[in-house]
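As C-alpha cells, the structure follows; a few thoughts come after it.
The values are calculated or read from the model by the stated rules, or taken from the named source; none is laboratory data. Source: prediction; values computed, not measured. All Cβ positions, glycine included, derive from the backbone under ideal geometry; neighbour counts span all protein chains shown. Surface areas here come from the heavy atoms of the whole protein model, side chains and all, with no ligands, DNA or RNA. Shrake-Rupley method; radii C 1.70, N 1.55, O 1.52, S 1.80 Å.
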Amino acid sequence: MTTLTRGPEAPARPALRRADPRRRRIRVTVALFVLPALVLFLLLVVAPIVVAFYASAFKWNGFGGLPTNFVGLDNFTRLLGSDLFHQDLRNLVLLVVFSLVVQLPFSLAVAMLLNQRIRGRAVYRLVFFAPYVLSEVITGVLFSLILSPGSGLANHLLGFVGLESSWLSAPDTVMYSLFLVMTWKYFGFHMMIYLAGRQGIPNELIEAAQIDGGTSWKVFRHVTLPLLGPTIRISVFLSVIYTIQLFDLVWILTEGGPSHASETMAVTMMEFGFGRNQVGYASAISVVMFVLSFIFALFYQRFVMRRDLEGASTRMGDHR
C-alpha cells in the first residue's frame, strides 16, 4: 500500500492579493495627507532658501526682473569685512551667553519652585507663562513705553531711589535692557519645558534619594538635574536658534540703535534689503544666518543630543 506524502502547503496567494489593494489605499491616503504640507514646505521654506542663495551671488536692488549683475562671492567678502557684521556677531555672542547663564537657570529655578505644593501654583504658572503668549510686537511697544528715558514707568519708579537709567537710548545699557525684555518674554516658555520634564521624573526616585538621607540640594544635583538633561539640552538648542534669528523685539524696541549698538544680523538684513535696496547683499546676510543655524544644529545634535536621539530611536524600535 502506497502512502502519499503531501509537501508543505503553499502560502495563500489570494489572501496576499486581497491585502495589496488595502496597502495601496493606505499609501495613497498617507500621500494625500502629506502632500499639502510638503507643498507648503517646498514653497515657504525650500524655495526662499534657494532664492536667497541665488540672489546672494548678484548685485541686485530687487527691481527690474531677475538679477543679471553677477558678482560671485563679493557680497560675502564685503560682509565678512564689515565692522557692522562684526558688531552683530558680538551682540549675538553676548545674548547667547546671557541666555545660557541667566535666563535658562532662572527659568529652571522657577520651574522647580512651582513644582512644589504651594498655594496658588496654578495661578503662578499662568502668570509667568502669559508673557510668552503676547506677540513680539505688543511686547516691544509695551516695553518701549516702560523703558522710555523721559517719562517711562521704569524711571518713574526707580527715580525714588536714584536708579534712573537711559535704558534703550544709550549704547552702554541698550543690550542689557534688550536682554531684560527677552527674559521677561521667554523665560515662561522655558519654565514650562522644565516643569514638564520634572513632572516626567518618577517621584519614587526622588523619595528613594530622600530616604537615603539626601538633602534637597543633593537630590536636585544628583537625581533631578541629570534626569532633566534631555529637557535642558532641548531648551538650550531652542534658545540659541532663536537668538541667531532675533529680529522682532529689536526692530520694535530700538531698530538696531543707538549707533547700531543693539543690531542683530536679521535687523541688518532688513536695513540693507528694504531700507537701502541692496537685496543681493541682504541675501548674503540671510545665507550666513542660515549657515550658522544649520552648522550649530548639526553639531549640537551630533555631539550634544546624540544620546537623546539614540535613546528615542531605540524606544521607537522597541514599540514596533
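The set of residues in region 195-221 being open to solvent by less than 60 Å² (accessible area, probe 1.4 Å) and assigned to a helix (DSSP H, G or I) consists of L195, G197, R198, I206, A208, A209, V219, F220. When residues in region 86-102 are screened for being of a type in the set (D, E, K, R) and either touching an Asp or Glu at 6+ places or on another chain (Cβ under 9 Å) or over 15 Å from L292 (Cβ atoms) (or both), 1 of them pass. Selection over region 17-44 of residues that are surrounded by 10 or more Cβ atoms within 10 Å (Cβ to Cβ) and within 30 Å of V287 (Cα to Cα) gives a count of 8.
In summary, T224 fulfils each of the numbered conditions (1) over 30 Å from E263 (Cβ atoms); (2) surrounded by fewer than 18 Cβ atoms within 10 Å (Cβ to Cβ) with the single exception of condition (2). Residues that are modelled with pLDDT of 90 or more and more than 33 Å from the chain's Cα centre (by Cα) were ranked within region 51-70; the one that is least open to solvent (accessible area, probe 1.4 Å) is N69. Of the residues making up region 65-79, those that are free of Cβ contacts under 8 Å to residues at least 24 places away in the same chain and either assigned to a helix (DSSP H, G or I) or over 19 Å from Y281 (Cβ atoms) (or both) are D74, T77.
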